[in-house]
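*Asks:* Dropping a structure here in structure tokens format, bear with me for questions.
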Amino acid sequence: MRLKVVFCLVILGLPFAAFSQIGGRNTYQFLNLPVSPKISALGGKNVTSYSSDPSNALANPALINFEMHKQMAANYMNYFSDINYGTASYAMDVGRRTQMIQAGVTYLDYGTFNGFDESGNSTSDFGGQEAALSLGYARRLGRTDFYAGVNVKLISSKLEQYTSFGGALDLGLSYIYPEWDLIISGVARNIGTQFKPFNEIRESLPFEVILGISQKLNKAPIRWHVTLENMQQWNVAFRNTARDEEDLAGNITADNPSFINNAFRHVIVGAELFPDGVFSLQFGYNFRRGEELRIQDQRSFSGLTGGLSIQFNKFRFSYSYAQFNRAASSNFFGLNLDL
């Protein structure tokens, strides 16, 4: 059976307007997966994680900093149904600690699928892979506390016999105030297009605007994070007919998410314990994931995430666990090396 690609076309205009949907309505959705165990542990998305880990630059290029100089990171996740996902990155200084570059790769292998024709007869097996190569650059804006960065990404996707190529930009801006240990960031991700569509019709990329703020407490070894995702689109809630309620007379009360419910679906909260230590812990909660994947009358702990990292000389090992529901979770492993 030939693989049919269903396209949802979305008009994308910047900087004055952007129309974007979520939930699988764009191509190259793998670009919005967590880029490292730490970010996965902080709720899946984070643009205020400032450290020596060059993986952070894949989420926010403005966070490329001198601490990343000659640092290499490799991360691997065994995702659902034998899907393999990973990232790798390396950063270096090119301008007296004020200008940095970072190179990275993101890769997703969907595994092997059984092929069938229109009559149900078995044909040859097929697979699917997607990858993105990125080059990031960041610099301090004069003598201010503002830092700007950009990622340029080349994207390749192969699904059965169909292939596609595209390009995208990530634009990031961060305000880093050391006296308060405060970081405020904004990122516009996946601004781009398909150079070669799968089958003549072009699809939109998963454009997203993310805002974030984090700060370390003065008298406790804790850094808190608040991230606002999908800010390019206010209404991200939807009616779930499985949660409609019917009374004895047959009247149906529809599941209509409230204004507050929709607002919280933009929010991700996270916390790091001992963020600057040899051993650190991370925790997070993704409200949208928790609301969309929760099961009525059951505790599935959807949306909860957690992780840890340990430093061994020039190596740092990281691990995170993300709960989606009782039947699905993910384990993310990472290794950073100081070269």
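The values are calculated or read from the model by the stated rules, or taken from the named source; none is laboratory data. Just so we're clear, the structure is a prediction, and the values are computed from it rather than from any experiment. Here the Cβ is made from the backbone with ideal geometry for all residues, glycine too, and neighbour counts use every protein chain on show.
*Asks:* For the range 153-168, does any single residue satisfy the condition of being on the phi > 0 side of the Ramachandran plot, free of Cβ contacts under 8 Å to residues at least 60 places away in the same chain and in contact with a strand residue (DSSP E or B) (Cβ under 7 Å, 6 or more places away or on another chain)? Can you show your working first?
*Replies:* Keep residues of the range 153-168 that are on the phi > 0 side of the Ramachandran plot, which gives 160.
Filter once more, keeping what is free of Cβ contacts under 8 Å to residues at least 60 places away in the same chain: none.
No, because not a single residue in the range 153-168 is on the phi > 0 side of the Ramachandran plot, free of Cβ contacts under 8 Å to residues at least 60 places away in the same chain and in contact with a strand residue (DSSP E or B) (Cβ under 7 Å, 6 or more places away or on another chain).
*Asks:* Without any contact (Cβ under 8 Å) to a residue 24 or more places away in the chain and on the phi > 0 side of the Ramachandran plot: is that true of Gly111 in this structure?
*Replies:* Values: without any contact (Cβ under 8 Å) to a residue 24 or more places away in the chain: no; on the phi > 0 side of the Ramachandran plot: yes.
In short, no.
*Asks:* Only one of (1) out of contact with any Lys or Arg (no Cβ under 6 Å at 6 or more places or on another chain); (2) farther than 21 Å from Gln194 by Cβ; (3) of a type in the set (Ser, Thr, Tyr) fails for Thr98. Which number is that?
*Replies:* Among (1) out of contact with any Lys or Arg (no Cβ under 6 Å at 6 or more places or on another chain); (2) farther than 21 Å from Gln194 by Cβ; (3) of a type in the set (Ser, Thr, Tyr), Thr98 violates only (1).
*Asks:* Can I ask one more? Exactly one of these conditions fails for Gln311: (1) modelled with pLDDT under 95; (2) closer than 30 Å to Gln129 by Cβ; (3) assigned to a strand (DSSP E or B). Give me its number.
*Replies:* Among (1) modelled with pLDDT under 95; (2) closer than 30 Å to Gln129 by Cβ; (3) assigned to a strand (DSSP E or B), Gln311 violates only (2).
*Asks:* Now for a separate question. Filter the range 78-106 for residues that are charged (D, E, K, R) and surrounded by fewer than 16 Cβ atoms within 10 Å (Cβ to Cβ) and give the result.
*Replies:* Just the residues of the range 78-106 that are charged (D, E, K, R), to begin with: 82, 93, 96-97.
Correct list: Asp82, Arg96, Arg97.
*Asks:* Can you tell me how many residues within the range 16-48 are of a type outside the set (Phe, Trp, Tyr), modelled with pLDDT under 90, part of a loop (DSSP other than H, G, I, E, B) and surrounded by fewer than 23 Cβ atoms within 10 Å (Cβ to Cβ)? Can you show your working first?
*Replies:* So in the range 16-48, the residues of a type outside the set (Phe, Trp, Tyr) come out as 17-18, 20-27, 29, 31-48.
Now restrict to residues that are modelled with pLDDT under 90: 17-18, 20-26.
Within this subset, residues satisfying the condition of being part of a loop (DSSP other than H, G, I, E, B) are 20-26.
Filter once more, keeping what is surrounded by fewer than 23 Cβ atoms within 10 Å (Cβ to Cβ): 20-25.
Qualifying residue count for the region: 6.
*Asks:* If I ask for residues that are modelled with pLDDT under 95 and hydrophobic (A, V, I, L, M, F, W, C), which ones from the range 280-308 would you list?
*Replies:* Phe287, Leu293, Ile295, Phe301, Leu304
*Asks:* Next up: Check whether at least one residue in the range 252-262 is surrounded by 11 or more Cβ atoms within 10 Å (Cβ to Cβ) and at pLDDT 90 or above, and report yes or no.
*Replies:* Among the residues of the range 252-262, at least one is surrounded by 11 or more Cβ atoms within 10 Å (Cβ to Cβ) and at pLDDT 90 or above, which makes the answer yes.
*Asks:* Can you run down the residue pairs with Cβ atoms below 7 Å, 6 or more apart or on separate chains, where the first is in the range 261-279 and without any contact (Cβ under 8 Å) to a residue 12 or more places away in the chain and closer than 19 Å to Gly306 by Cβ and the partner is hydrophobic (A, V, I, L, M, F, W, C) and crowded, with 19+ Cβ neighbours inside 10 Å?
*Replies:* Matching pairs, first to second residue: none at all.
*Asks:* List pairs: first residue in the range 310-336 and free of Cβ contacts under 8 Å to residues at least 12 places away in the same chain, second residue small (Gly, Ala, Ser) and surrounded by 14 or more Cβ atoms within 10 Å (Cβ to Cβ) anywhere in the structure, Cβ distance under 9 angstrom, at least six positions apart or on different chains.
*Replies:* Ala327/Ser300; Ser329/Ala322
*Asks:* Right, here's the next one. Closer than 23 Å to Gly192 by Cα and either among the basic types (Lys, Arg) or without any contact (Cβ under 8 Å) to a residue 12 or more places away in the chain (or both), is that true of Lys38? Spell out how you get there, then give the answer.
*Replies:* Working: closer than 23 Å to Gly192 by Cα: no; either among the basic types (Lys, Arg) or without any contact (Cβ under 8 Å) to a residue 12 or more places away in the chain (or both): yes.
It is false that Lys38 is closer than 23 Å to Gly192 by Cα and either among the basic types (Lys, Arg) or without any contact (Cβ under 8 Å) to a residue 12 or more places away in the chain (or both).
*Asks:* Please go through the range 196-219 and pick out each residue that is of a type in the set (Phe, Trp, Tyr) and at pLDDT 95 or above.
*Replies:* Quick first cut of the range 196-219, residues of a type in the set (Phe, Trp, Tyr) only: 198, 207.
Within the range 196-219, just Phe207 meets the criteria.
*Asks:* Something else about it: Return the pair list, or none, for Cβ contacts closer than 9 Å from residues in the range 240-260 that are of a type in the set (S, T, N, Q) to residues that are at pLDDT below 70 and not in a helix (DSSP H, G or I), at least 6 apart or on different chains.
*Replies:* Here the result reads Thr253/Asp244; Thr253/Glu246; Thr253/Asp247, each pair linking the range 240-260 to a residue that is at pLDDT below 70 and not in a helix (DSSP H, G or I).
*Asks:* Name, by its number, the condition in (1) surrounded by 15 or more Cβ atoms within 10 Å (Cβ to Cβ); (2) of a type outside the set (D, E, K, R); (3) farther than 20 Å from Leu108 by Cα that does not hold for Leu154.
*Replies:* Looking at each condition in turn, Leu154 falls short on (3).
*Asks:* While we're here: Among the residues of the range 203-230, which ones are surrounded by 16 or more Cβ atoms within 10 Å (Cβ to Cβ), of a type outside the set (Gly, Ala, Ser) and not in a strand (DSSP E or B)?
*Replies:* Glu203, Leu205, Pro206, Phe207, Glu229, Asn230
*Asks:* Quick one: is Ala138 of a type outside the set (Phe, Trp, Tyr), at pLDDT 95 or above and in contact with a helix residue (DSSP H, G or I) (Cβ under 9 Å, 6 or more places away or on another chain)? Steps first, please.
*Replies:* Values: of a type outside the set (Phe, Trp, Tyr): yes; at pLDDT 95 or above: no; in contact with a helix residue (DSSP H, G or I) (Cβ under 9 Å, 6 or more places away or on another chain): yes.
Here the answer is no, as Ala138 does not meet what is asked.
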